[in-house]
Structures are given as C-alpha cells and as structure tokens.
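Notes to accompany the following structure.
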Amino acid sequence: MDVKGIIKDFGDNIEIKTELPFLDKEYFEKNIKGRAYTKLQENNEEYWAIKNNGEYIIDKFKGIDKLVEDLKKESVLDPLTKCYNKKGIELLTEKFLEEFLRYGFPLSVMMLDIDFFKKVNDTYGHLAGDYVLKEVANIIKNTIRKSDFCGRFGGEEFIVVLPNTKLSGAMRLAERIRENIQNHQFIFNNQKINITISIGITTASKSDSLFSLIQRADEALYEAKNKGRNRVEYR
C-alpha cells in the first residue's frame with residue numbers, strides 16, 4: 001500500500017512512520033486521535049487520516065476528495081430534511097464500499113424506517129408528517145458522528161452510512177438513535193405524537209455491490225418490523 005504515513009496508537013506509546021514533517025505526536029493528539037475519518041490540510045496539501053483498527057492510515061485518498069467536490073456541484077440534499085437525498089447517499093455508500101474493498105476499512109450501513117408513519121399522516125395531516133420527518137432527521141444527524149452520513153432514501157426511510165465502523169459500534173449507535181427517537185417529545189399543533197423507529201443493520205463483505213449491501217440492510221429492517229417494530233436487527 002503506497003501511503004503517506006501510518007500511525008500506531010498503543011495508548012501511552014504512539015509510533016509514527018511518515019514522510020510528512022508536520023505529522024508528529026502533538027499534531028496527532030490534536031487533530032487525528034479518536035476520529036474515524038479526518039481531512040488534514042497542511043502547506044496547501046490535503047490528506048485524509050483514516051482509522052483502521054489500532055492504526056491510522058494517512059494518504060490523499062483522491063477518490064473521497066473527488067466525491068466531495070462532485071457532491072458540492074450537484075443537488076444532492078433532500079429539501080425537507082436537509083439530509084442527503086437518495087442519489088447523494090448512494091454515491092457516498094458506493095465510494096466507501098470501494099474504500100472497504102480496496103483497503104479493508106470496515107463499513108456498516110443502517111436502514112431506518114418510521115413506524116406506522118401512514119397513521120401519522122392519516123391522523124394528524126401531512127404537515128404533521130413533514131414535521132415528524134424533519135424532527136427524526138435532526139435526531140439522527142445529532143446522534144451520529146461527524147464522520148457518518150445520513151440520507152433520506154424515500155418516504156419515511158433513511159439510510160445512515162458508517163465508515164470505519166464494525167457491527168458492535170453500529171449496533172450501539174443504532175440503539176442510541178432508537179432510544180433518542182422513542183424518548184423525544186414530538187408536539188405538533190399542541191398534540192403529542194408518539195414516534196418510534198425500526199432499524200436494520202448490515203456490514204460490508206468482499207462480495208458486496210452497492211445493491212447487495214443496501215438490500216441486506218433493507219432485509220434486516222423488515223425483520224425488525226416483523227418482530228414488532230421499535231427495535232434493531234442485523235443481517
């Protein structure tokens with residue numbers, strides 16, 4: 001692997017092997033440590049630091065940079081929730097799947113669906129439904145990490161892409177999202193609306209395509225719904 005640097009974090013001991021003069025222990029502690037994906041800018045050069053198990057790999061990862069620039073030029077935000085739209089979240093998922101297949105960085109994907117959302121629209125009206133969608137999106141975005149990505153896949157379905165995240169971390173995060181939504185006070189026109197969410201999780205494998213990865217997360221979501229909703233399932 002042709003990279004600009006590798007940092008091994010052993011806790012008290014940090015081992016740095018790099019050709020970048022600015023990348024010392026102090027810089028690592030301040031700008032990189034503990035983050036899954038971090039963009040670094042130094043001397044008019046841009047790099048990415050990507051955590052993989054106990055190592056941080058430093059390189060330019062131009063594919064990620066190109067994707068970010070491409071997304072800036074396109075309309076990829078959902079106008080209601082301000083999450084990525086279906087096109088944007090699929091582009092991001094595909095790019096991080098490519099990085100997983102190339103470098104082995106773990107990748108997890110969540111598919112989330114608001115339980116009984118049709119009943120919300122039928123009972124309280126479509127404006128209430130829009131309010132719930134925006135509130136759920138905000139809760140998701142405020143719960144996930146800065147290195148994660150949230151998209152509205154369609155209707156009341158959302159996708160969360162978790163770069164450099166194994167199953168255990170994805171499950172913990174999904175439970176936090178589920179609990180935060182269940183405990184949130186949804187109030188529209190002085191009426192309380194009880195909202196829960198079902199979540200399906202999967203992790204990338206070497207045989208995956210974008211379609212198979214999302215399909216498996218969707219299958220896990222439907223398993224969560226079939227088992228009673230307001231729960232997290234993995235497939």
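The values are calculated or read from the model by the stated rules, or taken from the named source; none is laboratory data. Since this is a predicted model, take the numbers as computed values, not measurements. Heads up, the Cβs are rebuilt from the backbone with ideal geometry, glycines too, and the neighbour counts pull from every protein chain shown.
Things to note:
- Failed criterion for S198 (all others in (1) part of a loop (DSSP other than H, G, I, E, B); (2) surrounded by 13 or more Cβ atoms within 10 Å (Cβ to Cβ); (3) not basic (K, R) hold): (1)
- Residues that are buried (at least 17 other Cβ atoms within 10 Å of the Cβ), under 21 Å from I144 (Cα atoms) and free of Cβ contacts under 8 Å to residues at least 40 places away in the same chain within the range 1-39 comprise just one, I32.
- Residue within the range 142-150 that is of a type in the set (F, W, Y), touching a helix residue (DSSP H, G or I) at 6+ places or on another chain (Cβ under 6 Å) and surrounded by 15 or more Cβ atoms within 10 Å (Cβ to Cβ) present: yes
- Looking across K66, K51, one residue alone is modelled with pLDDT under 75 and either surrounded by fewer than 18 Cβ atoms within 10 Å (Cβ to Cβ) or under 19 Å from the mean Cα position of the chain (by Cα) (or both). It is K66.
- Selection status of I6, touching a Gly at 6+ places or on another chain (Cβ under 8 Å), modelled with pLDDT of 85 or more and closer than 29 Å to E94 by Cα: no
- Taking every residue in the range 86-99 that is assigned by TED's automatic domain parsing to the domain that holds Y37 and within 14 Å of F211 (Cβ to Cβ) and pairing it with any residue that is surrounded by 20 or more Cβ atoms within 10 Å (Cβ to Cβ) and of a type in the set (K, R), at least 6 positions away or on another chain, yields no pair with a Cβ-Cβ distance below 7 Å.
- F105 being part of a loop (DSSP other than H, G, I, E, B), in contact with a helix residue (DSSP H, G or I) (Cβ under 7 Å, 6 or more places away or on another chain), of a type in the set (A, V, I, L, M, F, W, C) and touching a residue at least 40 places away in the same chain (Cβ under 8 Å): yes
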